[in-house]
1. Please verify whether region 193-212 includes one or more residues that are within 23 Å of residue 22 (Cβ to Cβ) and at pLDDT 95 or above.
2. Residues 172, 150: which one is in contact with a Phe, Trp or Tyr (Cβ under 6 Å, 6 or more places away or on another chain) and over 27 Å from residue 61 (Cα atoms)?
3. Could we say that residue 96 is touching a strand residue (DSSP E or B) at 6+ places or on another chain (Cβ under 9 Å) and among the acidic types (Asp, Glu) here?
4. How many of the residues making up region 135-166 are closer than 20 Å to residue 179 by Cβ, open to solvent by 30 Å² or more (accessible area, probe 1.4 Å) and under 17 Å from the mean Cα position of the chain (by Cα)?
5. Could you tell me which of the residues 6, 85 is open to solvent by 30 Å² or more (accessible area, probe 1.4 Å), at pLDDT 95 or above and more than 18 Å from the chain's Cα centre (by Cα)?
6. Examine region 101-124 for a residue that is farther than 15 Å from residue 157 by Cα and surrounded by 13 or more Cβ atoms within 10 Å (Cβ to Cβ), and state whether such a residue exists.
7. Can residue 32 be described as over 16 Å from the mean Cα position of the chain (by Cα) and modelled with pLDDT of 95 or more?
8. Within region 63-75, can you find the residues that are in contact with an Asp or Glu (Cβ under 8 Å, 6 or more places away or on another chain) and in a loop (DSSP other than H, G, I, E, B)?
Amino acid sequence: MSRLRKMMPTEQNPNRDGRPILIVLHQERSSPGRVGQLLVEKGYRLDIRRPVLGQPLPTTLEDHAGVVVFGGPMSANDPDDFVKKEIDWIDIPLREKRPYLGICLGAQMLVRHLGGKVQSNADGSTEIGWYPLHPTEKGRLLMHWPKMVYHFHREGFELPHGADLLAEGDAYPNQAFRYDGNAWGLQFHAELTRAMMHRWVVHGAHRFILPNAQQGREHLEGRMLFDAPLKAWLTEFLDIVFEGKTAKATSSIALRA
């Protein structure tokens with residue numbers, strides 16, 4: 001069994017029942033970043049596992065408050081056994097009605113599990129950098145969204161049957177969705193800390209020549225302009241996903257994007 005990371009909150013929230021949130025990462029040195037930091041601040045412990053390294057995922061989420069599946073360099077279409085097993089595993093949070101949040105690859109795995117397609121645009125265009133986000137009517141009713149979000153992907157996904165589209169993009173139309181009340185998928189990244197973005201810009205620089213990709217300086221300049229409202233949005237969004245709160249309950253957060 002993988003070890004439970006005892007990342008303790010600075011102030012224990014009396015509403016927590018002690019169950020950790022399962023964190024699924026796809027590289028040895030990957031981090032849950034800002035999502036992990038905010039969840040700990042909200043009173044959760046984190047159970048971090050990496051299936052790509054052979055660490056097993058639980059056979060039930062009865063002992064977890066929910067799960068976040070992060071991104072990675074692989075594709076949800078890859079034939080690797082761990083990719084297929086992880087996609088199949090998503091049946092557990094869906095069947096048990098546990099909160100599921102998929103980010104980039106995690107969202108694409110959810111789409112594949114639900115029978116949808118994950119693929120690149122026919123023109124080879126990417127979203128690597130900061131791009132506009134357009135909430136749908138259902139998204140606007142849920143909460144206020146930032147106007148610009150950060151991306152690092154070459155594939156997008158179609159909207160699964162029965163899912164509600166919450167936000168759209170220009171190059172890849174499906175950016176955020178909700179399925180069956182408890183499962184959420186995001187194509188963009190709100191979890192990057194400053195250090196994480198610098199690493200991505202350095203290690204991912206070879207991708208900046210791809211169609212529609214922005215150069216490294218644009219990534220860092222965009223962070224100065226757009227990161228504050230993105231962080232504020234993420235704080236509220238995590239409360240909606242894992243606490244079932246409504247936007248009205250967290251309306252004190254003002255987004256000025």
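1. Checking region 193-212: at least one residue is within 23 Å of residue 22 (Cβ to Cβ) and at pLDDT 95 or above.
2. Unique residue meeting the criteria: 150.
3. No: the conditions fail for residue 96.
4. Within region 135-166, residues that are closer than 20 Å to residue 179 by Cβ, open to solvent by 30 Å² or more (accessible area, probe 1.4 Å) and under 17 Å from the mean Cα position of the chain (by Cα) number 6.
5. Matching residue, one of 6, 85: 85.
6. Yes, that holds for at least one residue.
7. no
8. Across region 63-75, the qualifying residues are 64, 65, 70, 74, 75.
The values are calculated or read from the model by the stated rules, or taken from the named source; none is laboratory data. Please read these numbers as outputs of a predicted model, since none were measured by experiment. A quick note on method: Cβ atoms are made from the backbone with ideal geometry, for glycine too, and the neighbour counts reach across all protein chains shown. Accessible surface is based on the protein model in full, side chains and every heavy atom, while ligands, DNA and RNA are left aside. Shrake-Rupley method; radii C 1.70, N 1.55, O 1.52, S 1.80 Å.
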